[in-house]
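Have a look at the structure below, then the notes.
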Amino acid sequence: MILSAAIIRAEDGSKLWLRYVSTKTITILCDTNSPTLAIARNELEKGWDGEAGTTIALTIKEDKTIAGDGFRLSENSIQANTELGILYGVFELLRRQQTGQTIEEEISNPSYEFRILDHWDNPDGSIERGYAGHSIFWHDGQAGLAVTENDKILWEEYARANASIGINGAVLNNVNASPLMLTREYLERVKAITEVLRPYGIRTYLSIKFSAPSLIGGLKTSDPLNPEVIQWWQTKVKEIYSLISDFGGFLVKANSEGQPGPQNFGRTHADGANMLADALMPFGGIVMWRAFVYSPSNEDRAKQAYMEFMPLDGQFRNNVIIQIKNGPVDFQPREPFSPLFCAMKKTSVMPELQITQEYLGQSVHLVFLSTMWEEFLQSDTYQEGPGSIVAHCTDGSIFLQKYTAIAGVSNIGLDTNWCGHHFAQANWYAFGRLAWNNTLTSEKIADEWLKLTFGQIASGQTEAANFSTDWTEHFLVPVKQMMLDSREAAVNYMMPLGLHHIFAGNHHYGPGPWYAPKGLRPDWTPPYYHRADTKGIGFDRTKTGSNAVSQYHEPLCSEFNDVNTCPEIYLLWFHHLPWDYKMKSGRSLWDELCYHYDAGLKQVRQFQKIWDATKPYVDPGRFADVQNKLRNQNQNVQIWKDACLLYFQQFSQRPVPEDIEPPVNNLKDLMRNDIRRP
Ligand code: GCW
């Protein structure tokens, strides 16, 4: 009894992809020591899965072919310019061993210098768009500022997980920032967090509230050109660096969704960003200034960021980086890339991805986001000729940027498994891996993550049987395929063919194509985006419509503008088309929509079957958790399909094709219940 219980270890997901326990000995040669190198040694000892008794050399040596915290790796040596390079090399070496990959002499350099997690955590411990419990950094506001031993243990586990995938920065609070964060008491806690994170190479940053000078500084204004305001920020920055000498800098959401900004004082985004940049410059800090803005005009929502920022190109200090969401609207299941990428040629820009699944089923749906990010990073902007893909427009290989960076909005909370859904851990993992190497394929990332997270536990097998043919065939192959298909499935069952933002209000979980309360800004309501009427559906962004196509470089502008060349995945993003419009498949647009919703539902049913069949290969706890989530997902996907088809059918006035399952819910009930997360 005891024996068989030991065969499949009980697991709760708390160890993430770092489940190694090695019994093999290793001799480590390294002639320097430091907290970071001590971690590197310790990891090697804990995780060594090569030949027992090997001697491995860790060498810090200036080498021009190694960039930043990159490293040179071979089977028994790691060389780097920095201690962190050694640590990253150790994690890579262990990952190779544990995933059965070969190790040949090679150099690995990071794509981006700053690889940052943005936490939307509030002082009271709640997390905006967080679906995995409360904040690991904050709780109970002022009353929760004392640092406990448990805090430190948790922060260290967090730092280790990040370092293992190359993440080197954390913005500790919500972009909808509380000004309190800049007060002494809070800064003391930031200092304590930083001290735990530092040996793992994680720098800390803060989101700031632009009106802090008046809110907590007692000034009459927060005008960025006012000398007292400038002085206030300089003094504040000095205070921060006196506590945290390697503080990373500020993240700013200004003049967006009610947040104050320089425009409140008749100034520009550049005025605001540069004022902060000047204060941070002497200490080596940066400003990440978000391009997620709403202009006061009635322009197409998708055009606004470009319209506000393009005229400012070249006006920012070189320690300002404009942080741009991957798409022009807002982290939708599918958007074309934001046209700002590569268009701003004289300004540093960085991508902002959303790891937390605000619009992708939160912690209920199994959606592997890596394929979405890969699609984005590989998108060709054509700005500097063919091949000007977003990855290269942002990593310094096309434009010389003083700093390069990428950010992901974190999906981490106090939940035992950190992310709410076991498979959401894969998104944290994928973000880190892509930030380190922006040309990795999702297939490789999923393969690694599955082996690290679910490997070594095949029923009745010992460690030596890792990745047996049986496990590979019955677990790895089907589950990996499920992950790789999961985002397209979500697009199918939520908003196919370029539809976007048809979520229920506020919670952004279920469907709400009807949601349009009186008085709400139109661009916060789904009808603004889908524009369904008896004539057809879709947002006309062509030259005769909102002309958003003109923000894209040729040949994309013409390609998107012409309904015959516009990729069908973006069709209703750029075009308003009649219900009987003939698709490439030969079907009408209405029928095609129906088939997509139906296909999405079928895909998720298939995911359920795939998972059910993995039972012998997964520990009971995680197996049941994922099984339950998939059941909930299935129920909700049925609702997505029914709600969207029945709602749009009121306009199309066409039948649902006979060969797909008819809806099983009534529209009235769906509208009345407006589903919440289960
Ligand atoms: O996606 C929207 C979210 C807001 C968020 C905002 C932003 C932090 O619904 O919750 O606010 O974007 O990115 O600033």
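Structure notes:
- Considering Pro339, Pro282, the condition of being over 23 Å from His507 (Cβ atoms), crowded, with 23+ Cβ neighbours inside 10 Å and not hydrophobic (A, V, I, L, M, F, W, C) is satisfied by Pro339 alone.
- Residue within the stretch 233-244 that is under 22 Å from the mean Cα position of the chain (by Cα) and away from the ligand (no atom under 16 Å from the Cβ) present: no
- Some residue of the stretch 309-318 being modelled with pLDDT of 95 or more, within 16 Å of the ligand (Cβ to nearest atom) and in a helix (DSSP H, G or I): yes
- Candidate set from the stretch 285-326 (those that are among the acidic types (Asp, Glu) and within 25 Å of Ala391 (Cβ to Cβ)); member that is surrounded by the most Cβ atoms within 10 Å (Cβ to Cβ): Glu308
- Check on Leu251, closer than 21 Å to Gly284 by Cα and within 16 Å of the ligand (Cβ to nearest atom): yes
- Selection status of Asp124, within 16 Å of the ligand (Cβ to nearest atom) and either acidic (Asp, Glu) or surrounded by fewer than 17 Cβ atoms within 10 Å (Cβ to Cβ) (or both): yes
- Filtered residues of the stretch 336-362 (kept if within 16 Å of the ligand (Cβ to nearest atom) and either free of Cβ contacts under 8 Å to residues at least 24 places away in the same chain or outside any strand (DSSP E or B) (or both)): Ser338, Leu340, Ile355, Thr356, Gln357, Glu358, Tyr359, Leu360, Gly361, Gln362
- Met288 vs. criteria away from the ligand (no atom under 16 Å from the Cβ), modelled with pLDDT of 95 or more and out of contact with any Gly (no Cβ under 6 Å at 6 or more places or on another chain): no
- Only one of Gly100, Gly85 that is surrounded by fewer than 22 Cβ atoms within 10 Å (Cβ to Cβ) and either touching a strand residue (DSSP E or B) at 6+ places or on another chain (Cβ under 9 Å) or at pLDDT below 95 (or both): Gly100
- Residue in the stretch 645-667 that is on the phi < 0 side of the Ramachandran plot, modelled with pLDDT of 95 or more, under 26 Å from the mean Cα position of the chain (by Cα) and of a type in the set (A, V, I, L, M, F, W, C) present: no
- The residue of the stretch 465-494 that is farthest from the chain's Cα centre (by Cα), among those that are surrounded by fewer than 22 Cβ atoms within 10 Å (Cβ to Cβ) and among the small types (Gly, Ala, Ser), is Ala465.
- Total residues in the stretch 499-520, condition more than 15 Å from Leu360 (Cβ to Cβ) and surrounded by fewer than 23 Cβ atoms within 10 Å (Cβ to Cβ): 9
- Pairs are defined by a Cβ separation below 7 Å, a sequence spacing of at least 6 or placement on different chains, a first member in the stretch 92-112 that is under 13 Å from Ala80 (Cα atoms) and among the aliphatic types (A, V, I, L, M), and a second member that is part of a loop (DSSP other than H, G, I, E, B) and modelled with pLDDT of 95 or more; the pairs so defined are Ile107/Thr65; Ile107/Ile66; Ile107/Gly70.
- Scanning the stretch 204-217 for residues that are out of contact with any Pro (no Cβ under 6 Å at 6 or more places or on another chain) and away from the ligand (no atom under 16 Å from the Cβ) yields Thr204, Pro213, Ser214, Gly217.
- Any hit, the stretch 192-203, residues being within 16 Å of the ligand (Cβ to nearest atom) and among the hydroxyl-bearing types (Ser, Thr, Tyr): no
- Per the conditions (1) within 16 Å of the ligand (Cβ to nearest atom); (2) over 20 Å from Ile406 (Cβ atoms); (3) not aliphatic (A, V, I, L, M), the sole criterion not satisfied by Ser297 is (1).
- Screening the stretch 577-678 for helices (runs of 4 or more DSSP H) wholly inside it with 1 or more residues that are small (Gly, Ala, Ser) and either buried (at least 20 other Cβ atoms within 10 Å of the Cβ) or touching a residue at least 24 places away in the same chain (Cβ under 8 Å) (or both) returns the ranges 589-612, 620-652.
- Residue count for the stretch 153-189, restricted to those that are among the polar types (S, T, N, Q), within 16 Å of the ligand (Cβ to nearest atom) and either touching a Phe, Trp or Tyr at 6+ places or on another chain (Cβ under 6 Å) or more than 24 Å from Val287 (Cα to Cα) (or both): 1.
- Subset of the stretch 120-164 that is part of a helix (DSSP H, G or I) and among the aromatic types (Phe, Trp, Tyr) - its residue that is nearest to Gly361 (Cα to Cα): Tyr158
A quick yes/no check of all residues on (1) of a type in the set (Lys, Arg); (2) free of Cβ contacts under 8 Å to residues at least 60 places away in the same chain; (3) buried (at least 17 other Cβ atoms within 10 Å of the Cβ); (4) closer than 17 Å to Ser207 by Cβ:
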position	(1), (2), (3), (4)
Gln234	no, yes, no, no
Val237	no, yes, yes, yes
Leu243	no, yes, no, no
Ala254	no, yes, yes, yes
Glu257	no, no, no, yes
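- First in the stretch 431-444 and closer than 9 Å to Ser370 by Cβ, second anywhere and acidic (Asp, Glu), Cβ under 7 Å, 6 or more apart: Thr441/Glu374; Ser442/Glu374
- Test: residue in the stretch 371-381 that is assigned to a strand (DSSP E or B), more than 16 Å from the ligand (Cβ to nearest atom) and over 23 Å from His508 (Cα atoms): yes
- Reported count of residues in the stretch 319-335, each being in a loop (DSSP other than H, G, I, E, B) and farther than 24 Å from Ala548 by Cα, is 1.
- Within the stretch 1-53, considering residues that are of a type in the set (Val, Ile, Thr) and modelled with pLDDT of 90 or more, the one nearest to Thr416 (Cα to Cα): Ile39
- Taking (1) away from the ligand (no atom under 14 Å from the Cβ); (2) touching a helix residue (DSSP H, G or I) at 6+ places or on another chain (Cβ under 7 Å); (3) in contact (Cβ under 8 Å) with a residue 40 or more places away in the chain; (4) assigned to a loop (DSSP other than H, G, I, E, B) in turn, Lys303 satisfies each apart from (4).
- Of all residues in the stretch 534-548, those that are buried (at least 20 other Cβ atoms within 10 Å of the Cβ) and among the charged types (D, E, K, R) total 1.
- Filtered residues of the stretch 49-70 (kept if in contact with a Leu (Cβ under 9 Å, 6 or more places away or on another chain) and outside any loop (DSSP other than H, G, I, E, B)): Thr55, Ile56, Ala57, Leu58, Thr59, Ile60
- Checking Glu11 against (1) surrounded by fewer than 19 Cβ atoms within 10 Å (Cβ to Cβ); (2) of a type in the set (D, E, K, R); (3) not in a helix (DSSP H, G or I), the condition it does not meet: (1)
The values are calculated or read from the model by the stated rules, or taken from the named source; none is laboratory data. Just so it is clear, the structure is predicted and the values come from calculations on it, not from any experiment. Note that each Cβ is placed from the backbone with ideal geometry, even for glycine, and that neighbours are counted across all protein chains shown.
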